[in-house]
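Undergrad: Below is a structure I'd like to ask you about.
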Amino acid sequence: MEKEKNNFSKDNFGDMPPEEFRKYGHQLIDWIADYFKNIESYPVLSKINPGEIKSSLPQTPPINGEPMNEILKDIDRKILPGITHWNHPNFMAYFNSTSSGPGILAELLSTAFNANGMLWKTSPSASELEEVVLNWFRQMLGLSENFWGIIYDTASVSSMHAIAAAREQISEYQIRQKGLAGRKEIKRLKIYTSEQAHSSIEKGAITLGIGIEGIQKIPVDKEFRMIPSLLAKAISEDKKNGWMPFCVAATVGTTSTTSVDPVNEIAYICKKENLWLHVDAAHAGVAAMIPEMRYILNGIENADSMVVNPHKWMFTPVDLSILFTRKPKILKQAFSLVPEYLKTSEDNAVTNYMDYGIQLGRRFRSLKLWFIIRYFGTEGLANRIKEHLRLGKNFAEWIDHNNNFERMAPVPFSTICFRAHPKNINDEIQLNELNEQLMNEVNSTGKIFLTHTKLNGKFVLRLVISGLRTEEKHVLLAQEILQNKLLEILS
Ligand SMILES: *Cc1c(COP(=O)(O)O)cnc(C)c1O
């Protein structure tokens, strides 16, 4: 194999030459365009066994540089087989996250600039575009001007920052100054969330020294929504027992069933008890763009913070999560720490995003949000989400009219919880086994990928329609495969 003339010689210290970059850049863009064109020819779920990818790769690094075309060839040979295709229109597992053309192009540019947006000065465009684009996004969701936004990597990190701000709000405890450990003079902190909340709320609380004992899970009603009266009761009992309630995390679009907690009623309790209300709308929040769906954020004006992930249902390559808060000053109070070498003369006139979180360096993430909103337009984005809602309702109806299946939860968005339940099988253990087998067999076709959850001890399949490339025919294919596989198993 003839090696190309590039930087393989010992006395070449620079980067890849521009002409070589151009050549392989074009080649790679062509590769990506073909990948999307042929996306449906790949198995959605990778069929690789544990360790297979690792053992196909050398265990030591190359001493001499390798030609770019060899590296690219290994994408096809070694890497692609171990990819689960999140962009596949029949990826209906978890909460989908699909990439998009404008998002990919913006990511490319963002890595080219390699701008580190820690301070305004370290790239004014990064800071100011983040302010502008989050102001757009705030309007798209119908949030008031009281909400200030910041981009973090994931909802887990956004929620952790919200909980940290909630902790900082208990000013008399001076937690920033004195910490929490070993302090007998203060009461232990308690945070409340529902039994259906995402594990990231607990992880955030664990990270911040609240401890698992400081996390109270409030029961849900039969539609999987937090019961406000039980929240109020838990708070008053805890206060009697010497705890310090400080935060409630409500969910708009829970992970299992996308249930929507009654934010309005919860906000009322929080106001009365002086607790920080954080709303986790990581997946479903973007649906508020559609006027008929804006109700999901009823009461949000009384919340202190809210997280929403464009990297879930808004076609943004991972990662990009947004935290909105009405109290950026408290967030800043919790995290700002400016050493001499990071002080700038503009500090009072600009937003230095490093002041609002634990990380110093920040990727230029707003660029991809800007590309995506401009390319699709607010109406284009809303229409796509609306179509997913329509397809979700269709699938739910299909389940409701099928004698072999039953629906297991309401469908406020486009996530459907259901299970196979043939007339002659009523033993719950047998039903759990049947549904697990059905899921595994459906997924092993490679044609669709869905995941499960447990509701009241029952094994439940979950089908999520939120992919950019998902159309009616894909949902119909999912129905056909589910039906056929079930009949196959039963016969
Ligand atoms: C997905 C999800 C999260 C976690 O999101 P990451 O960005 O992966 O951290 C948190 N809460 C809810 C409700 C989610 O759907």
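Undergrad: Looking only at the stretch 255-311, count every residue that is crowded, with 24+ Cβ neighbours inside 10 Å, away from the ligand (no atom under 16 Å from the Cβ) and more than 16 Å from Tyr192 (Cβ to Cβ) and tell me the total.
TA: Within the stretch 255-311, residues that are crowded, with 24+ Cβ neighbours inside 10 Å, away from the ligand (no atom under 16 Å from the Cβ) and more than 16 Å from Tyr192 (Cβ to Cβ) number 0.
Undergrad: When residues of the stretch 373-405 are filtered for being within 17 Å of His283 (Cβ to Cβ), open to solvent by 20 Å² or more (accessible area, probe 1.4 Å) and β-branched (Val, Ile, Thr), how many remain?
TA: Matching residues across the stretch 373-405 total 0.
Undergrad: Considering only the stretch 445-465, how many residues are open to solvent by 10 Å² or more (accessible area, probe 1.4 Å) and in a loop (DSSP other than H, G, I, E, B)?
TA: Count: 4.
Undergrad: Take Ala409 and decide whether it is at pLDDT below 95 and assigned to a loop (DSSP other than H, G, I, E, B). Spell out the reasoning first.
TA: Working: at pLDDT below 95: no; assigned to a loop (DSSP other than H, G, I, E, B): yes.
In short, no.
Undergrad: Could you run through the stretch 66-90 and say how many residues are open to solvent by less than 40 Å² (accessible area, probe 1.4 Å) and free of Cβ contacts under 8 Å to residues at least 60 places away in the same chain?
TA: 4
Undergrad: A follow-up question, please. Out of the residues in the stretch 164-223 meeting the condition of being of a type in the set (Asp, Glu) and over 18 Å from Ile358 (Cα atoms), tell me which one is nearest to the chain's Cα centre (by Cα).
TA: For the stretch 164-223, the residue satisfying everything is Glu202.
Undergrad: Is the stretch 466-486 home to any residue that is assigned to a strand (DSSP E or B) and either open to solvent by less than 10 Å² (accessible area, probe 1.4 Å) or polar (S, T, N, Q) (or both)?
TA: So in the stretch 466-486, the residues assigned to a strand (DSSP E or B) come out as none.
No, that holds for no residue.
Undergrad: For residues that are open to solvent by less than 20 Å² (accessible area, probe 1.4 Å) and of a type outside the set (A, V, I, L, M), tally how many sit in the stretch 312-350.
TA: Residues meeting the conditions: 7.
Undergrad: When you check Val350 against the structure, is it within 16 Å of the ligand (Cβ to nearest atom), touching a helix residue (DSSP H, G or I) at 6+ places or on another chain (Cβ under 7 Å) and in the same structural domain as Glu172 (by TED's automatic domain parsing), yes or no? Outline the logic, then answer.
TA: Numbers: within 16 Å of the ligand (Cβ to nearest atom): no; touching a helix residue (DSSP H, G or I) at 6+ places or on another chain (Cβ under 7 Å): yes; in the same structural domain as Glu172 (by TED's automatic domain parsing): yes.
When the stated conditions are applied, Val350 does not pass them.
Undergrad: Is there a residue in the stretch 434-444 that is assigned to a strand (DSSP E or B) and touching a residue at least 12 places away in the same chain (Cβ under 8 Å)? Please lay out each step first, then the result.
TA: Here is the first cut: in the stretch 434-444, the ones assigned to a strand (DSSP E or B) are none.
No, the stretch 434-444 contains no residue that is assigned to a strand (DSSP E or B) and touching a residue at least 12 places away in the same chain (Cβ under 8 Å).
Undergrad: Which fully enclosed helices (runs of 4 or more DSSP H) of the stretch 244-348 have 2 or more residues being closer than 22 Å to Lys190 by Cβ? Walk me through it before giving the result.
TA: Working: elements: 263-273, 310-313, 328-335.
Where helices (runs of 4 or more DSSP H) fall fully within the stretch 244-348 and carry at least 2 residues being closer than 22 Å to Lys190 by Cβ, they are 263-273, 328-335.
Undergrad: Working carefully through the options Lys23, Lys37, Lys73, Lys10, find the one that is at pLDDT below 95 and basic (Lys, Arg). Outline the logic, then answer.
TA: Numbers: Lys23 fails: at pLDDT below 95; Lys37 fails: at pLDDT below 95; Lys73 fails: at pLDDT below 95.
Testing whether each residue is at pLDDT below 95 and basic (Lys, Arg) leaves just Lys10.
Undergrad: Tally time: how many residues in the stretch 231-254 are open to solvent by less than 40 Å² (accessible area, probe 1.4 Å) and either among the aromatic types (Phe, Trp, Tyr) or at pLDDT below 95 (or both)?
TA: Residues that pass the stated criteria total 1.
Undergrad: What number goes with the only condition from (1) within 16 Å of the ligand (Cβ to nearest atom); (2) closer than 23 Å to Ala288 by Cβ; (3) open to solvent by 10 Å² or more (accessible area, probe 1.4 Å) that Ile215 does not pass?
TA: In the conditions (1) within 16 Å of the ligand (Cβ to nearest atom); (2) closer than 23 Å to Ala288 by Cβ; (3) open to solvent by 10 Å² or more (accessible area, probe 1.4 Å), Ile215 misses (2) alone.
Undergrad: Just for helices (runs of 4 or more DSSP H) wholly inside the stretch 92-211: which have at least 2 residues that are within 16 Å of the ligand (Cβ to nearest atom) and crowded, with 17+ Cβ neighbours inside 10 Å?
TA: Result: 155-168, 199-207.
The values are calculated or read from the model by the stated rules, or taken from the named source; none is laboratory data. Just so it is clear, the model here is predicted, and its values are computed rather than measured. All Cβ positions, even for glycine, are placed from backbone atoms using ideal geometry, and neighbour counts span all protein chains on display. Accessible surface areas use protein heavy atoms only, side chains included; no ligands, DNA or RNA. Shrake-Rupley method; radii C 1.70, N 1.55, O 1.52, S 1.80 Å.
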